[in-house]
Amino acid sequence: MQSTAHDFKDNVSEALADPNLQDSLAMLKVGFSERRRQAAARLPEFEALRDAARDIKNHALANLDFYLEEFERKVLALGGHVHWAPTAEDARRIIADLCKSVGARTVAKSKSMVAEEIALNEHLEKIGIAPIETDLGEYIIQLRHEPPSHIIAPAVHLTKDQVADTFLEHHSPLGFTKRLTERNDLVAEARYVLRQKFLDADVGLTGANFLVAETGSSMLVTNEGNADLSNTLPKMHIVLASIEKVIPTLEDAAILLRVLARSATGQESSAYTTLNTGPRRDGDLDGPSAYHVVILDNGRSSVLGTEMQDMLRCIRCGACMNHCPVYGAIGGHAYGWVYPGPIGAVLTPQLIGVEEAGNLPNASTFCGRCESVCPVRIPLPGLMRHWREREFERHLQPKAVRQGLALWSFLARHPKLYRRLTGLANRLLALFGRANGRYGSLPLAGGWTRYRDFPAPPPGGTFHQQWARHGGSRIRP
Amino acid sequence: MSDAKARILNGIRRSLHRGELAGASREAAKARLASPPQGPAVARARLPQAEKVALFCQWAETNNATVARVTAADVPGEVASFLARNNLPAQAAVAPSPELERYDWPSQKMLSLRRGAGQGTDQVSITGAFAGIAETGTIVTASGPDHPVTLNLLPDTHVVILREDDIVSGYEDVWARLRQRYGKDRMPRTVNTLTGPSRTGDIEQAMELGAHGPRRMHIVVVRE
């Protein structure tokens with residue numbers, strides 16, 4: 001999809017002023033994140049499982065080429081096919097050719113963030129093939145021509161009423177002319193409309209949560225069952241997965257599954273976890289006759305061996321965004337590309353460039369909640385800090401920021417001058433009054449006070465002055 | 001090797017500052033695939049069989065399935081009664097499995113059964129199960145001529161017949177059984193794990209049942 005990450009600041013202003021979005025985001029605090037806390041508390045082994053999950057992904061990454069080749073060998077042995085796609089364009093071409101080879105007119109799609117990443121829908125439409133999103137959230141936003149705003153709940157930015165309006169608009173030509181007010185009625189209507197599309201689809205396209213090298217299986221985790229209809233009913237099943245999805249064994253999958261659902265939605269287990277291995281077998285009464293796996297790199301291999309490698313452990317649970325105060329205030333669309341929230345702030349500069357997405361890693365308070373809930377313990381604040389350093393090195397920040405930082409670093413290295421200047425600033429700020437404990441506007445600080453108050457220094461002078469007055473002394477070790 | 005494959009694999013090796021995986025690392029990775037190490041054990045499901053069955057039932061109900069515990073002789077009666085209790089038609093698509101033929105279906109005169117794959121119009125399906133997972137109340141099915149996957153997905157109501165002996169602690173026990181039954185090089189085309197009926201949290205994060213798969217799951221746990 002087309003990135004708007006460079007417009008991050010404008011996107012944020014819009015998001016903050018959108019009342020529907022703010023209503024939807026308010027539910028995050030009591031929804032996924034509270035349920036995650038309860039699920040983690042119910043399982044005494046949860047922290048040990050997180051450690052194990054981290055170690056499994058680290059091991060897989062360190063041996064990635066080996067496990068990918070093993071995976072391929074197993075898929076081929078059971079009559080499946082593996083396609084290697086170094087770039088997004090390669091993946092689009094491979095999938096389009098596969099669809100054309102069976103004369104496909106429609107593709108039933110199960111939610112895939114990698115498909116969003118390579119802008120697959122736009123490409124299929126261009127060549128006359130209709131992609132049908134079947135995950136309820138993806139279906140809703142496909143009708144609205146919007147990108148997803150969350151990696152596991154793509155329509156989390158919408159209220160029930162907005163969904164009701166969207167369905168009324170798009171389903172009334174099909175005879176559904178009543179505006180629905182209950183969630184379960186909305187779900188039932190989408191089920192009815194999509195069922196026929198499943199039965200008619202020529203190709204089913206899914207992502208994969210994991211590729212299991214031991215057995216050559218793709219593993220999919222959903223709640224709706226849409227991925228399973230997608231990989232069962234059409235005559236061809238295409239799996240689109242990026243290279244870092246491969247894990248060694250089924251035992252490893254068991255560990256990862258235990259932390260995935262709990263971290264994502266707070267469920268003990270998702271409703272459907274499915275292991276697909278090759279095409280339909282002799283004697284089977286259903287299932288696709290062709291099974292293809294498209295393995296996408298798209299820049300990931302170059303992250304290996306760098307200080308950013310940890311980001312490749314991500315299992316796409318969404319916990320980091322569910323717990324992020326910035327995501328909670330602005331939602332997913334403001335991030336401007338496929339992956340929002342803290343993991344998006346780390347992945348997006350990698351995948352589409354720090355020039356385009358350099359603002360995203362700046363959108364963090366470094367509160368550390370994302371890292372504290374990440375099931376594979378990705379040090380997200382540390383990785384964001386790394387991008388900030390890159391941005392600084394490459395002179396991508398505004399002049400005022402660079403000069404400000406240069407001045408501060410000079411002062412920090414000259415403590416006497418620093419103290420004298422801060423003492424002076426403290427007295428000057430007092431002239432503007434400190435009754436409220438904050439300033440709504442300040443000379444030279446318009447860039448700050450346009451959006452937020454500037455905190456007033458407490459009475460009694462600077463920290464150093466108070467320290468000296470209270471007889472503080474340095475303890476030497 | 002295709003050019004694209006070589007590009008990706010060589011890219012990975014370049015980044016990892018090595019050539020093709022070799023020596024002790026390669027042997028370690030091969031050993032891991034040959035005999036997968038176990039992760040941290042989850043204590044709650046490591047129980048004697050009777051308690052394991054009880055835990056399975058408890059979690060299945062927590063996950064919005066309904067559960068009935070009966071003897072083998074009572075299976076057909078329980079299924080017919082479940083359908084009647086819920087105002088469902090007394091007809092169902094049944095997995096063509098010899099395991100299910102052990103039950104005395106003709107004893108239920110009103111019950112009309114069709115053996116075969118699921119169809120879009122089926123309201124009820126009846127299948128067996130490869131295993132049940134006590135840790136989460138999860139049903140495991142393995143596809144094959146005796147178990148079409150569509151039966152798990154298309155009907156509004158899925159009735160699962162699960163033998164107590166097939167209830168195990170966790171996923172790891174299921175993997176061991178799959179390897180034993182099929183061989184690790186020949187997993188069934190599809191292994192489904194089903195934890196309660198289909199659901200979605202996509203509208204306002206509130207879980208609603210019956211998204212695309214069955215709206216209702218009834219598990220008949222059979223004492224042998």
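FYI, it's all coordinate maths here, none of it is from the lab. Predicted model only: the values in this text are computed from it and were never measured. Here Cβ is always computed from backbone atoms with ideal geometry, including for glycine, and neighbour counts include all displayed protein chains.
What number of residues in the stretch B:166-190 are in contact with a Ser or Thr (Cβ under 7 Å, 6 or more places away or on another chain) and assigned to a strand (DSSP E or B)?
1
Could you list, in sequence order, the residues of the stretch A:56-78 that are facing another protein chain (nearest Cβ under 10 Å), under 18 Å from residue A:281 (Cα atoms) and buried (at least 17 other Cβ atoms within 10 Å of the Cβ)?
A:74, A:78 - these are the residues of the stretch A:56-78 that are facing another protein chain (nearest Cβ under 10 Å), under 18 Å from residue A:281 (Cα atoms) and buried (at least 17 other Cβ atoms within 10 Å of the Cβ).
Every residue, every condition in (1) away from chain A (no Cβ under 11 Å); (2) without any contact (Cβ under 8 Å) to a residue 40 or more places away in the chain, yes or no:
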{"residue": "B:70", "(1), (2)": "yes, no"}
{"residue": "B:78", "(1), (2)": "yes, no"}
{"residue": "B:96", "(1), (2)": "no, no"}
{"residue": "B:114", "(1), (2)": "yes, yes"}
{"residue": "B:131", "(1), (2)": "yes, no"}
{"residue": "B:145", "(1), (2)": "no, no"}
{"residue": "B:149", "(1), (2)": "no, no"}
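Within the stretch A:446-464, restricting attention to residues that are touching a strand residue (DSSP E or B) at 6+ places or on another chain (Cβ under 6 Å) and assigned to a loop (DSSP other than H, G, I, E, B), which residue is nearest to residue A:399 (Cα to Cα)?
A:453
Quick check on the stretch B:36-52: of everything there that is in a helix (DSSP H, G or I) and either touching a residue at least 60 places away in the same chain (Cβ under 8 Å) or touching a Leu at 6+ places or on another chain (Cβ under 8 Å) (or both), which residue is nearest to the other protein chains (Cβ to nearest Cβ)?
B:44
Go through the stretch B:186-224 residue by residue and tally those that are facing another protein chain (nearest Cβ under 9 Å), touching a helix residue (DSSP H, G or I) at 6+ places or on another chain (Cβ under 7 Å) and among the charged types (D, E, K, R).
Final tally of qualifying residues: 3.
For a quick check of your reading: which helices (runs of 4 or more DSSP H) sit entirely within the stretch A:150-262 and have at least 2 residues that are under 24 Å from residue B:194 (Cβ atoms)?
Those helices (runs of 4 or more DSSP H) span A:183-200, A:226-232.
For the stretch A:269-282: of the residues being touching a strand residue (DSSP E or B) at 6+ places or on another chain (Cβ under 9 Å) and assigned to a loop (DSSP other than H, G, I, E, B), which is farthest from residue A:371 (Cα to Cα)?
A:281
Select, from B:100, B:55, B:33, the only residue that is within 21 Å of the chain's Cα centre (by Cα), in a helix (DSSP H, G or I), within 14 Å of another protein chain (Cβ to nearest Cβ) and not basic (Lys, Arg).
Testing whether each residue is within 21 Å of the chain's Cα centre (by Cα), in a helix (DSSP H, G or I), within 14 Å of another protein chain (Cβ to nearest Cβ) and not basic (Lys, Arg) leaves just B:55.
Any residue at all in the stretch B:158-178 that is of a type outside the set (Ser, Thr, Tyr), out of contact with any Phe, Trp or Tyr (no Cβ under 6 Å at 6 or more places or on another chain), closer than 23 Å to residue A:255 by Cα and away from chain A (no Cβ under 13 Å)?
Yes, there is a match, as at least one residue in the stretch B:158-178 is of a type outside the set (Ser, Thr, Tyr), out of contact with any Phe, Trp or Tyr (no Cβ under 6 Å at 6 or more places or on another chain), closer than 23 Å to residue A:255 by Cα and away from chain A (no Cβ under 13 Å).
For the stretch A:225-239, check the following and say yes or no: at least one residue is surrounded by 24 or more Cβ atoms within 10 Å (Cβ to Cβ), more than 10 Å from every other protein chain (Cβ to nearest Cβ) and within 21 Å of the chain's Cα centre (by Cα).
Yes: the stretch A:225-239 contains one or more residues that are surrounded by 24 or more Cβ atoms within 10 Å (Cβ to Cβ), more than 10 Å from every other protein chain (Cβ to nearest Cβ) and within 21 Å of the chain's Cα centre (by Cα).
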